[in-house]
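Right, one structure below, let's go through it.
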Number of protein chains: 2
Amino acid sequence: MNSGNIKCDCEDCKLKSLFFSHVTVDELIDICEIKEERTYFKGDIITKEGDSINEFLYLKEGLVKLSKSTDEGKDQIISFSKPFDFVSLLSVFSSDTYQYSVSAIEDSHVCILDLNVVKNHARQNALFTMDLMKRVSEATDKIVLDNLEIRRKHLKGRVAHVLLYFANYIYMKEEFELPISRREIAEYIGMTTENVIRTLSEFRKDKIIKIFGKYIQIADKKRLENISEFG
Amino acid sequence: MNSGNIKCDCEDCKLKSLFFSHVTVDELIDICEIKEERTYFKGDIITKEGDSINEFLYLKEGLVKLSKSTDEGKDQIISFSKPFDFVSLLSVFSSDTYQYSVSAIEDSHVCILDLNVVKNHARQNALFTMDLMKRVSEATDKIVLDNLEIRRKHLKGRVAHVLLYFANYIYMKEEFELPISRREIAEYIGMTTENVIRTLSEFRKDKIIKIFGKYIQIADKKRLENISEFG
DNA sequence: CTGAATTCATGTCAATTATCATGATTGAAG
DNA sequence: CTTCAATCATGATAATTGACATGAATTCAG
C-alpha cells in the first residue's frame, strides 16, 4: 500500500478544521482510510435510540432532528442540528447505546468513522479530545439553553420562537420551506398539533406570516419577535 | 520545598477515582498543591451566571442547584446535583463565562482548582480528558433526559416526579427534609408556586404524603409512582 | 423579642391549552 | 389515476393551569 496513493478527501472537508485541527496528517489518513460516507433522505432514521453505538458520525450536509419516544409511542423532539453543531451523539463517550434517535429532516450527508478508531486517537491525542469535548459541550449548552427559553413561553411565543429559529439560525432568510410538519413543531415545543396549526393560522390572519403549505414567509418580523419574547 | 512534606489529602478524596483515575501521582500533587476547599452554606451562591470562569470546581459534599435568571428576574432551575454527578460547570471548556448559576441548597463543601492548571493537564493527558468528557457527558445526558420526562407530564405528575426524585435519588428514603421551597419546586417543573402548594395539599388530603413544613413523608409510594407516570 | 418580609396555604375566576369531532387537502402506493 | 393514509384546518367544549386576593405561619434582621 503506497501512502502517496491514498485517496483521502478529508483533507478538503469543510469540517476538518473543527474536528481535526489537532490531528496529524498521519492520524488523519488513518482515520479517513476507514471512513464511510452515507446519504440519508428526508425522513430516514440515521441512528435509533437503544441501538448500540459503534460508529462516530458527523453531519457534512443537511439537517437532522434528535428525538426520543415515550412509552406511549409519542415522540419528543430534543433539538435540530445542522453541520458544525452536530458532533455525533452527545453520549458517544458516556453510553454504550444511543439515548436518542437522529433522523434526517432534509437530505443529509453523514460521515461515519469507526468509533474505536476515533476513541483510540482520543486516548492518545489530548488536544483532539479537548476539541471534541468543547464541541460536545457547546452542543449540549445550546440544547439546554434553548429548552429553557421554550419552557418559559406560552403557545404563541413558542410557535414564534420556532419560526424565528428556522429563519435566523437555519436558513438565514425570512422565507423558507419548513422542513418539518406541524406535528413535529408540536413535538418540539411540547404543545398539541391542533394548537400549533391554529396559532400559525392566527399569525396568518394577523398578517405576521404568509403560509403556502410548508412554505413560510415572515411578513412582520418585529411583531413575531415581540410575540416570541413576551407572548 | 521537600516533596515529602507536601500535605495533599486529595489522595484520600472519595472523588479521586472519578476525576483522577488516569492521573499520575506527580500530576495529582501538582494539582492538589494549589487546590482550595471552600464551604458554602444553604442559600449561598457558588458561581454566578455571567461571571468569568477561572476555576475548576467539584462538589465534595452537599447539594446544589443549577439555575438561570430570565430577563424579568424570575429563576428557572435546570437541575440539582450531588457529589459524583456535578463536575464543575458543563461549560468550563466551551465558554469563558458561566451560563448558569450554581447555589448551595444544603451546606456544601466544594473543591476548587485553578482552571488553567486543570486545562494544562487535560492538554497533556488524554485519558484524564476522556474521563472528564465522560463525566460531563453523563451529567448533561441526565439533565436532558430529566427535562424530557418532566415536559411530558402534567402538574400532578411533575410534583410527584420531584418528590420521587428526592426520595429515590437524593435521600434514598421515603421521608426527608425538602431542601428547597415550594417556589423552587415550581421553578424546576415550570409551574406556579400556588399550584405546587395546592398539589402537595391534595396529595396530603389523599393520604399519599404527610407534610410537616418542609418535612415530607411518602405514605403511599405506589400511588405516587402511578401519578408520576400517568398523571 | 418584635416587626417586616418571605413562605405557605386556600379560594375564586380568568386565561390557556387539550380533547374530540369533522372535513379539506395533500402525498404516497398500487 | 385512484385510493388510502397522513397532514392540515377549524370549531366547540372540557380540562388544566395561571393570576389575583387574602390570610396564617414561619423566618430573619435589628
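The values are calculated or read from the model by the stated rules, or taken from the named source; none is laboratory data. The model shown is predicted, which means the values in this text are computed figures rather than measured ones. Every residue, glycine among them, receives a Cβ derived from its backbone with ideal geometry; neighbour counts consider all protein chains shown. The accessibility values were calculated without ligands, DNA or RNA, using every heavy atom of the protein model including side chains. Shrake-Rupley method; radii C 1.70, N 1.55, O 1.52, S 1.80 Å.
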- Can residue A:72 be described as under 29 Å from residue A:178 (Cβ atoms), modelled with pLDDT under 90 and open to solvent by 20 Å² or more (accessible area, probe 1.4 Å)? yes
- Kindly establish whether residue A:51 is in contact with a strand residue (DSSP E or B) (Cβ under 9 Å, 6 or more places away or on another chain) and within 14 Å of another protein chain (Cβ to nearest Cβ). no
- Do we find a residue being under 16 Å from the mean Cα position of the chain (by Cα) and open to solvent by 60 Å² or more (accessible area, probe 1.4 Å) anywhere in segment A:160-171? yes
- Task: Tell me the helices (runs of 4 or more DSSP H) entirely within segment A:141-231 that contain at least 1 residues that are more than 18 Å from residue A:67 (Cβ to Cβ) and within 14 Å of DNA strand D (Cβ to nearest atom).
- Result: A:155-164, A:193-205, A:221-230
- Task: Output the number of residues of segment A:96-135 satisfying the condition of being open to solvent by 10 Å² or more (accessible area, probe 1.4 Å) and within 7 Å of another protein chain (Cβ to nearest Cβ).
- Result: 7
- Item | Exclusive hit being over 27 Å from residue B:146 (Cα atoms) and of a type in the set (Gly, Ala, Ser), set A:62, A:43, A:73, A:50 | A:62
- Looking at A:127, A:132, which is the one that is under 22 Å from residue B:145 (Cβ atoms), more than 14 Å from DNA strand D (Cβ to nearest atom) and in contact (Cβ under 8 Å) with a residue 40 or more places away in the chain? A:132
- Give the number of residues within segment B:188-221 that are of a type in the set (Ser, Thr, Tyr), within 12 Å of DNA strand C (Cβ to nearest atom) and within 14 Å of another protein chain (Cβ to nearest Cβ). 1
- Matching residues in segment A:57-91 (hydrophobic (A, V, I, L, M, F, W, C) and facing another protein chain (nearest Cβ under 8 Å)) number 2
- Qualifying positions in segment B:136-150 - among the charged types (D, E, K, R) and either open to solvent by less than 60 Å² (accessible area, probe 1.4 Å) or touching a residue at least 24 places away in the same chain (Cβ under 8 Å) (or both): B:138, B:141, B:142, B:146
- Query: Would it be correct to say that residue A:107 is at pLDDT below 90 and of a type in the set (Asp, Glu)?
  - Reply: no
- Note on the structure: Picking from B:204, B:198, B:183, the residue that is under 20 Å from residue B:101 (Cβ atoms) and open to solvent by 40 Å² or more (accessible area, probe 1.4 Å) would be B:183
- Is segment B:155-176 home to any residue that is acidic (Asp, Glu) and more than 14 Å from chain A (Cβ to nearest Cβ)? yes
- Name the pairs: first residue in segment A:167-189 and without any contact (Cβ under 8 Å) to a residue 24 or more places away in the chain, second residue in a strand (DSSP E or B) and open to solvent by 60 Å² or more (accessible area, probe 1.4 Å), Cβ to Cβ under 9 Å, at least 6 apart or on different chains? A:171/A:177
- Message: I need a count of the residues in segment B:212-222 that are closer than 14 Å to residue B:162 by Cα and among the charged types (D, E, K, R).
- Response: 2
- Looking at (1) modelled with pLDDT of 95 or more; (2) under 25 Å from residue B:68 (Cα atoms), which is the one condition that is false for residue A:85? (1)
- Residue list for segment B:54-69, restricted to those being open to solvent by less than 20 Å² (accessible area, probe 1.4 Å) and more than 22 Å from residue B:184 (Cα to Cα): B:56, B:57, B:58
- Item | Number of positions in segment B:24-42 that are modelled with pLDDT under 80 and over 16 Å from residue B:116 (Cα atoms) | 3
